[in-house]
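Novice: Structure below; questions to follow.
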Amino acid sequence: MSTHNKLYVFSAPSVTNAGTYTYKVISIAEAKWLISQQGMISAVGHEATAKLLTELLGAYIMENRIFVTMNVGDKAITFRPLQRIPEGTVIRTVDELKKIGYELGLIERIA
């Protein structure tokens with residue numbers, strides 16, 4: 001990743017704008033390595049998810065509801081729940097997120 005490309009952290013997989021993207025599942029170790037290489041910009045808008053990601057990644061992931069437009073070469077580490085959360089349900093704690101199950105993914109805008 002060149003130094004002008006950005007690395008974001010998202011609370012859910014998201015295509016931020018028109019373009020061509022790749023997505024792959026990554027390990028916690030790979031996510032930590034990516035962050036260690038250049039840092040990241042948190043775009044995690046959910047408090048419990050930010051707390052869990054901070055715990056998992058060993059880096060402070062702040063709750064930060066920002067609008068992101070990814071450019072070619074930008075990447076995003078993304079949290080993906082492994083179950084659909086029922087409509088109207090508000091997940092408030094890290095323990096509730098852990099019970100649902102999750103994986104981490106890496107989205108990259110390639111065109």
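Novice: Which members of segment 70-108 meet the condition of being among the polar types (S, T, N, Q) and over 14 Å from residue 57 (Cβ atoms)?
Specialist: Step one: of segment 70-108, the residues among the polar types (S, T, N, Q) are 71, 78, 83, 89, 93.
Answer for segment 70-108, where residues must be among the polar types (S, T, N, Q) and over 14 Å from residue 57 (Cβ atoms): 71, 83, 89, 93.
Novice: Run down 92, 80, 65 and say which single residue is closer than 15 Å to residue 10 by Cα, surrounded by fewer than 14 Cβ atoms within 10 Å (Cβ to Cβ) and of a type in the set (Lys, Arg).
Specialist: Working: 92 fails: closer than 15 Å to residue 10 by Cα; 80 fails: surrounded by fewer than 14 Cβ atoms within 10 Å (Cβ to Cβ).
Unique residue meeting the criteria: 65.
Novice: Does residue 30 meet the test of being under 20 Å from residue 96 (Cβ atoms), assigned to a helix (DSSP H, G or I) and among the acidic types (Asp, Glu)? Break it down stepwise before answering.
Specialist: On the way: under 20 Å from residue 96 (Cβ atoms): no; assigned to a helix (DSSP H, G or I): yes; among the acidic types (Asp, Glu): yes.
The answer is no for residue 30.
Novice: Sticking with this one: Tally time: how many residues in segment 33-62 are surrounded by fewer than 15 Cβ atoms within 10 Å (Cβ to Cβ) and touching a helix residue (DSSP H, G or I) at 6+ places or on another chain (Cβ under 8 Å)?
Specialist: Residues in segment 33-62 being surrounded by fewer than 15 Cβ atoms within 10 Å (Cβ to Cβ) and touching a helix residue (DSSP H, G or I) at 6+ places or on another chain (Cβ under 8 Å): 4 in total.
Novice: Let me ask another. Select the strands (runs of 3 or more DSSP E) contained entirely in segment 38-111, then report the ones holding at least 1 residues which are of a type in the set (S, T, N, Q). Don't jump to the end; show me each part of the working.
Specialist: Working: elements: 41-43, 75-81, 102-109.
Because the criterion is at least 1 residues that are of a type in the set (S, T, N, Q), the strands (runs of 3 or more DSSP E) in segment 38-111 that meet it are 41-43, 75-81.
Novice: Out of 14, 27, which single residue is surrounded by 14 or more Cβ atoms within 10 Å (Cβ to Cβ), of a type in the set (S, T, N, Q) and either out of contact with any strand residue (DSSP E or B) (no Cβ under 8 Å at 6 or more places or on another chain) or on the phi < 0 side of the Ramachandran plot (or both)?
Specialist: Working: 27 fails: surrounded by 14 or more Cβ atoms within 10 Å (Cβ to Cβ).
Only one candidate passes the filter, namely 14.
Any read-out appearing in this document is the output of simple, stated calculations on the displayed coordinates, not a laboratory observation. Please read these numbers as outputs of a predicted model, since none were measured by experiment. With ideal geometry, Cβ positions are generated from the backbone for all residues, glycine too; neighbour counts draw on all protein chains shown.
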